[in-house]
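**Q** Here it is, the structure, as C-alpha cells.
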Amino acid sequence: MHSPQSSMRTLPLHMLVLALALALTACMPRQAAEGASVAADPAHSSRNSLDWAGTYEGVLPCADCPGIRTRLTLNRDESYELSTLYLDRDGAPRVVRGRFSWQPSGNAITLESQHGGQQFVVGEGRVALLAPGAAPSWPQPEQRVLQRVAAAPEAGVQRTLESHRWTLTSATGSQGQRIDGLPTGTARPVVFNFAEGRLNIEGGCNRIFGGYRIDGDDRLVLGRMASTMMACEPAAMKVDATLSDLLAEPAKIELAPGADPVLRLVTASQAKLSFLGRMTPEARYGAPTRIFLEVAAQTVACTHPARGASNCLQVRERRFDAQGLAVGTPGAWQPFFEPIEGYTHQPGVRNVLRLKRFDRGASADGSPFVYVLDLVVESEAVAR
C-alpha cells in the first residue's frame, strides 16, 4: 500500500515559478507604468484648455551673472513681447516683439526669432523655458519657471491694424467679379498702413492719408482724406479714384488672426477688399533710431564674413540740424551689407536717405540692426 505522499505527482520547477508569479500578479493593484508614453489629446492641450494669455515673470538662470530678470507677455493673437535684463550687467531691459507658434502637442510654444527661437512649455498660471533636448511636459526645474502675474488685454481691432502692414491681395465686387481699378500681385501693390489713428495708403499714383476711427460695429470710418498731387499714367490714377470711391462710406472690418493675419473690408455696396498682414518693425522690435545715410550712385564688390562675396551699396553717414540743413563733414564711404526695407537702388542715382534703424539683438550673421526707409531726402543722377 502506497502512502499519500508517494501517490502525489511532483510539479516541474519552472511550472511552480510560473504559478507563483501569476498569483502575485493577481494580488497586486493594477497601475499604469510610470513614464509610459501616452498620446497627447489635442482636445485637452494647454492651447485649448488653459487661459494661457497673459504676462509671466521670473528670474531665469544665467551662466555668468546672478540671473536674467524675464518678463514674457503672450497675446491671444499669437504675438509676444519678451523683456530681459541681465542682473549686474545691463542698465536697461532689452525688449523683443514677435510671433510665436504652438508645437503639435499644443502644450509648448516656440518664439519666432532670427537666431533660433526659445521654447516654453505652458502650464496653469506658469510657463517654463525648456532646456535643449528637454521634453515639453511638467514638472520642470523651478529655476526655469515664470509665474503669471497678469492677464493679457484683449487684442483689440485697432491694435491689430496698427501692428501690421496690410497688402491688398484681392478686390471683388458685390457679385464676386474682380474690380478692374485695383490690380493685385503687381510690382507696386496697394498697401494700407495704420498708425496712431491715421491711415496712409500707397500703391496708386499718389499717397492718400488722413485720420480714421473704428465705430461700435467694427466699421472703418475715414475722416477727411488728403493726398499728394502728382500726375501719373491713367492706370495708377484709377487706383486712387477707385479706393476713394470704395472707402467713402464706412466699411465692415473682418479679421482672421494668425502669424500673417488677414483683413477684409466689406463696403456698403458689398465690395470686398482682402489684405495680408505683416508685422511692422515697430511692433516687432520697438521704437527705432533715425539716421541719415548718403548712398553712392554705384555699388561696389564686397565680402561679408558670414555671407561671402556680393555687391554692396556704398554709404556714408550724414547729419542734419532741426531745420533740415546739413551740418558737419560726411563720413568716409563704407560698404553697406544690410538690406534696406522699402528701398530699391537705381544705378547711377545718388540718394540721401532717412532711415529707421531697429535693434533686433544678436543674429546668426552678426548684424544687430534692421533698416527701413523712412524718406528720400535728396536724389541726383550722377554721370559715370
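The values are calculated or read from the model by the stated rules, or taken from the named source; none is laboratory data. Being a predicted model, the structure only gives us computed values, none of them experimental. Every residue, glycine as well, gets a Cβ built from its backbone with ideal geometry; the counts of neighbours run over all protein chains shown.
**Q** Can you pull out the strands (runs of 3 or more DSSP E) entirely within segment 255-328 that have at least 1 residues that are under 30 Å from Asp218 (Cα atoms)?
**A** Working: elements: 262-266, 272-279, 289-295, 300-304, 308-320.
In segment 255-328, the matching strands (runs of 3 or more DSSP E) lie at 262-266, 272-279.
**Q** Which members of segment 304-317 meet the condition of being modelled with pLDDT of 90 or more and out of contact with any Cys (no Cβ under 8 Å at 6 or more places or on another chain)?
**A** Leu313, Gln314, Val315, Arg316, Glu317
**Q** Right, here's the next one. Could you say which residue among Ala251, Ala235 is over 23 Å from His164 (Cβ atoms) and modelled with pLDDT of 90 or more? So that I can check it myself, show each step before the final result.
**A** Numbers: Ala251 fails: over 23 Å from His164 (Cβ atoms).
Step by step, each of Ala251, Ala235 is checked, and only Ala235 is over 23 Å from His164 (Cβ atoms) and modelled with pLDDT of 90 or more.
**Q** Let me ask something additional. Quick one: in segment 44-75, of everything that is in contact with a Gly (Cβ under 8 Å, 6 or more places away or on another chain), of a type outside the set (S, T, N, Q) and assigned to a loop (DSSP other than H, G, I, E, B), which residue is nearest to Val127 (Cα to Cα)?
**A** Leu50
**Q** Please specify each residue of segment 311-323 satisfying the condition of being touching a residue at least 12 places away in the same chain (Cβ under 8 Å) and over 14 Å from Arg350 (Cβ atoms).
**A** Taking segment 311-323 first, the residues touching a residue at least 12 places away in the same chain (Cβ under 8 Å) are 311-320.
Selection gives Asn311, Cys312, Glu317, Arg319, Phe320.
**Q** Would you be able to say whether some residue in segment 30-41 is modelled with pLDDT of 80 or more, surrounded by 11 or more Cβ atoms within 10 Å (Cβ to Cβ) and in contact with a Pro (Cβ under 9 Å, 6 or more places away or on another chain)? Step through it out loud before you land on a result.
**A** Start the filter on segment 30-41 by keeping residues that are modelled with pLDDT of 80 or more, which leaves none.
Scanning segment 30-41, I find no residue that is modelled with pLDDT of 80 or more, surrounded by 11 or more Cβ atoms within 10 Å (Cβ to Cβ) and in contact with a Pro (Cβ under 9 Å, 6 or more places away or on another chain), so the answer is no.
**Q** Determine whether Leu255 is more than 27 Å from Asn75 (Cβ to Cβ), of a type in the set (A, V, I, L, M, F, W, C) and within 30 Å of the chain's Cα centre (by Cα).
**A** Details: more than 27 Å from Asn75 (Cβ to Cβ): no; of a type in the set (A, V, I, L, M, F, W, C): yes; within 30 Å of the chain's Cα centre (by Cα): yes.
It is false that Leu255 is more than 27 Å from Asn75 (Cβ to Cβ), of a type in the set (A, V, I, L, M, F, W, C) and within 30 Å of the chain's Cα centre (by Cα).
**Q** Now a separate question. Applying the selection to segment 286-306, what residues are surrounded by 16 or more Cβ atoms within 10 Å (Cβ to Cβ) and among the polar types (S, T, N, Q)?
**A** Thr299
**Q** Going residue by residue through segment 262-272, is there one that turns out to be crowded, with 17+ Cβ neighbours inside 10 Å, within 29 Å of the chain's Cα centre (by Cα) and closer than 30 Å to Glu112 by Cα?
**A** yes
**Q** Just to verify a result, which residue in segment 297-333, among those that are aliphatic (A, V, I, L, M) and closer than 24 Å to Phe358 by Cβ, is nearest to the chain's Cα centre (by Cα)?
**A** Going through segment 297-333, the residues aliphatic (A, V, I, L, M) turn out to be 297, 300-301, 306, 309, 313, 315, 322, 325-327, 332.
Now narrow it down to the ones that are closer than 24 Å to Phe358 by Cβ: 306, 313, 315, 322.
Details: Ala306: 25, Leu313: 28, Val315: 29, Ala322: 34 Å.
Here the answer is Ala306.
**Q** Let me ask something additional. Scan segment 135-154 residue by residue and report those that are touching a strand residue (DSSP E or B) at 6+ places or on another chain (Cβ under 8 Å) and of a type outside the set (S, T, N, Q).
**A** From segment 135-154, those touching a strand residue (DSSP E or B) at 6+ places or on another chain (Cβ under 8 Å) are 136-138, 140-141, 143-152; that's our starting set.
Pro136, Trp138, Pro141, Arg144, Val145, Leu146, Arg148, Val149, Ala150, Ala151, Ala152 - these are the residues of segment 135-154 that are touching a strand residue (DSSP E or B) at 6+ places or on another chain (Cβ under 8 Å) and of a type outside the set (S, T, N, Q).
**Q** Here is a further query. Please identify the pairs in which a residue from segment 218-242 that is farther than 16 Å from Gly197 by Cβ has its Cβ atom under 7 Å from the Cβ atom of a residue that is assigned to a strand (DSSP E or B) and polar (S, T, N, Q), counting only partners at least 6 apart or on another chain.
**A** Partner pairs satisfying both residue conditions: Asp240/Ser227.
**Q** Go through segment 318-332 and report how many residues are at pLDDT 85 or above and on the phi > 0 side of the Ramachandran plot.
**A** Residues meeting the conditions: 1.
Condition check ((1) in a loop (DSSP other than H, G, I, E, B); (2) at pLDDT 90 or above; (3) more than 20 Å from Pro330 (Cα to Cα)) across all residues:
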residue: Pro347; (1), (2), (3): yes, yes, yes
residue: Arg350; (1), (2), (3): no, yes, no
residue: Arg354; (1), (2), (3): no, yes, no
residue: Ser363; (1), (2), (3): yes, no, yes
residue: Gly366; (1), (2), (3): yes, no, yes
residue: Leu373; (1), (2), (3): no, yes, no
residue: Glu380; (1), (2), (3): no, yes, no
residue: Arg384; (1), (2), (3): yes, no, yes
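**Q** Here's a follow-up. With the structure loaded, tell me whether Asn193 is farther than 26 Å from Ala283 by Cβ, surrounded by 15 or more Cβ atoms within 10 Å (Cβ to Cβ), touching a residue at least 12 places away in the same chain (Cβ under 8 Å) and of a type outside the set (Lys, Arg) or whether it fails that test.
**A** Working: farther than 26 Å from Ala283 by Cβ: no; surrounded by 15 or more Cβ atoms within 10 Å (Cβ to Cβ): yes; touching a residue at least 12 places away in the same chain (Cβ under 8 Å): yes; of a type outside the set (Lys, Arg): yes.
Spelling it out, it is not the case that Asn193 is farther than 26 Å from Ala283 by Cβ, surrounded by 15 or more Cβ atoms within 10 Å (Cβ to Cβ), touching a residue at least 12 places away in the same chain (Cβ under 8 Å) and of a type outside the set (Lys, Arg).
**Q** Looking only at segment 53-82, how many residues end up being in contact with an Asp or Glu (Cβ under 6 Å, 6 or more places away or on another chain) and either in the same structural domain as Phe369 (by TED's automatic domain parsing) or at pLDDT 90 or above (or both)? Please lay out each step first, then the result.
**A** Just the residues of segment 53-82 that are in contact with an Asp or Glu (Cβ under 6 Å, 6 or more places away or on another chain), to begin with: 65-66, 71, 73.
Okay, now just the ones that are also either in the same structural domain as Phe369 (by TED's automatic domain parsing) or at pLDDT 90 or above (or both), so 65-66, 71.
Counting residues in segment 53-82 that are in contact with an Asp or Glu (Cβ under 6 Å, 6 or more places away or on another chain) and either in the same structural domain as Phe369 (by TED's automatic domain parsing) or at pLDDT 90 or above (or both) gives 3.
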